[in-house]
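Asker: Dumping the structure here so I can ask a few things about it.
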Amino acid sequence: MEEKLLYAGKAKQMWTTQDEDQLRVVYLDQATQLNGKQKEHFAGKGEAAHAISDLIFHYLIDHGVETHLIKKLSEKEDLVEKCAMIPLEFVTRNTVAGHFASRFGLEEGTPLSQPVEENFYKNDELDDPFINESAAVALKMATEEELTRCWAICRQVNQLLTPLFKKAGMQLIDFKLEFGRRSRDQRVILADEFSPDNCRLWDQKTHHHMDKDVFRRNLADLTTTYQEVYSRLQSALEED
Ligand code: ADP
Ligand code: UDP
């Protein structure tokens, strides 16, 4: 059976495999902003984002989180469980930044008294609009039970990763997760990726950005920044 390109995304490609319940993910050497309207090539970025995401997903799996990751296939590729994706982004914010700062006229870096949880409808043409739970359920994007499970996993991820990043000298400002129904049994699991493409990380001491904002705001080299995040995480895990 020929392997087909199922989906060409902004940061990754999803390929079919010989097993209809599994996909091959290829991380690309590119970064986009404004929902794909601006795209740039960065040599080594795909490999660095992939290395970080695999390290994080293994850490989460070791701590009981169910994810789509089956195994690494190469420096840029993973084998994953195929999912029917829930078309929502699950954003958790620990500190004010990005659109949350501009939307409410707040200063970036303001701590939040408790994590803020927001859903966005994943749709580039509509610029990923904010959506609340009742609309997501009414529009049959997910059931209430599925949303409850997804948010419970988001909280677990935040509780696991905030101290891990802290140990690596970074502050986990916010992050976006995606979930899908595993095609072999419909179980809702954590899918997509966890890399500085979908989270904000600030250096603990200098507050320098160590995530995709270095590209969005033209602050530093993206690949070098991601490589630094990876090596810090690796050192933090070796100390464990
Ligand atoms: P985007 O769609 O935002 O451009 P990517 O370039 O990262 O993002 O593309 C990856 C796509 O694959 C996303 O649409 C994501 O929802 C989807 N995806 C991630 N994990 C899985 C999975 N296990 N099964 C099916 N689709 C997935
Ligand atoms: N995010 C993402 N994909 C999106 C929008 C946001 O991964 O399409 C991530 C983003 O990297 C950040 C968090 O979600 O870690 C919150 O992003 P925000 O709403 O502040 O929007 P942004 O300013 O990043 O566009």
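The values are calculated or read from the model by the stated rules, or taken from the named source; none is laboratory data. Since the structure is predicted, the reported quantities are computational estimates derived from the model, not experimental observations. Counting neighbours? That spans all protein chains shown, and the Cβs are built from the backbone with ideal geometry, glycine included.
Asker: Kindly list the number of the only condition in (1) within 13 Å of ligand 1 (Cβ to nearest atom); (2) surrounded by fewer than 14 Cβ atoms within 10 Å (Cβ to Cβ) that fails for TYR121.
Answerer: (2)
Asker: Then there is this: Quick one: what pairs do we get from the range 209-229, first residue without any contact (Cβ under 8 Å) to a residue 60 or more places away in the chain, second of a type in the set (S, T, N, Q) and within 16 Å of ligand 1 (Cβ to nearest atom), C-beta under 9 Å, 6+ apart or different chains?
Answerer: Taking only residues 6 or more apart or on different chains, the pairs are ASP211/SER195; ASP211/ASN198.
Asker: Filtering the range 72-103 down to residues that are closer than 11 Å to LEU23 by Cα and in contact with a helix residue (DSSP H, G or I) (Cβ under 8 Å, 6 or more places away or on another chain), which residue is surrounded by the most Cβ atoms within 10 Å (Cβ to Cβ)?
Answerer: Among them, the one singled out is ASP78.
Asker: Given (1) closer than 19 Å to VAL116 by Cα; (2) charged (D, E, K, R); (3) exposed (fewer than 15 other Cβ atoms within 10 Å of the Cβ), identify the lone condition not met by ARG187.
Answerer: Single failed check for ARG187: (1).
Asker: I need the strands (runs of 3 or more DSSP E) fully contained in the range 1-98, keeping only those with at least 1 residues that are over 15 Å from the mean Cα position of the chain (by Cα) and within 14 Å of ligand 1 (Cβ to nearest atom).
Answerer: Those strands (runs of 3 or more DSSP E) span 5-8, 12-16, 22-27, 30-33, 38-41, 69-74, 77-81, 83-85.
Asker: Quickly run through the range 35-71 and pick out the residues that are in contact (Cβ under 8 Å) with a residue 40 or more places away in the chain, touching a Lys or Arg at 6+ places or on another chain (Cβ under 9 Å) and surrounded by fewer than 18 Cβ atoms within 10 Å (Cβ to Cβ).
Answerer: ASN35, GLY36, GLU66
Asker: Additional query: Taking the condition modelled with pLDDT of 95 or more, over 24 Å from ARG184 (Cα atoms) and under 15 Å from the mean Cα position of the chain (by Cα), does ASN123 pass? Full working, then the answer.
Answerer: On the way: modelled with pLDDT of 95 or more: yes; over 24 Å from ARG184 (Cα atoms): yes; under 15 Å from the mean Cα position of the chain (by Cα): no.
It is false that ASN123 is modelled with pLDDT of 95 or more, over 24 Å from ARG184 (Cα atoms) and under 15 Å from the mean Cα position of the chain (by Cα).
Asker: Taking the conditions exactly as written (out of contact with any Ser or Thr (no Cβ under 7 Å at 6 or more places or on another chain) and within 16 Å of ligand 2 (Cβ to nearest atom)), does LYS76 satisfy them or not? Lay out the reasoning, then the answer.
Answerer: Numbers: out of contact with any Ser or Thr (no Cβ under 7 Å at 6 or more places or on another chain): yes; within 16 Å of ligand 2 (Cβ to nearest atom): no.
It is false that LYS76 is out of contact with any Ser or Thr (no Cβ under 7 Å at 6 or more places or on another chain) and within 16 Å of ligand 2 (Cβ to nearest atom).
Asker: Now, a different point. List the number of the failed condition for ARG182; all other conditions in (1) of a type in the set (Lys, Arg); (2) within 16 Å of ligand 1 (Cβ to nearest atom); (3) under 20 Å from ALA97 (Cβ atoms) hold.
Answerer: (3)
Asker: OK, next. Are any residues in the range 62-78 touching a strand residue (DSSP E or B) at 6+ places or on another chain (Cβ under 7 Å) and under 28 Å from THR224 (Cβ atoms), and if so, which ones?
Answerer: Start the filter on the range 62-78 by keeping residues that are touching a strand residue (DSSP E or B) at 6+ places or on another chain (Cβ under 7 Å), which leaves 65-73, 76-78.
Within the range 62-78, THR67, LEU69, LYS71, LYS72, LEU73, LYS76, GLU77, ASP78 meet the criteria.
Asker: Also: Given the range 138-240, what helices (runs of 4 or more DSSP H) lie entirely inside it while holding 1 or more residues that are among the small types (Gly, Ala, Ser) and more than 16 Å from ligand 2 (Cβ to nearest atom)?
Answerer: Values: elements: 144-167, 213-216, 222-239.
In the range 138-240, the matching helices (runs of 4 or more DSSP H) lie at 144-167, 222-239.
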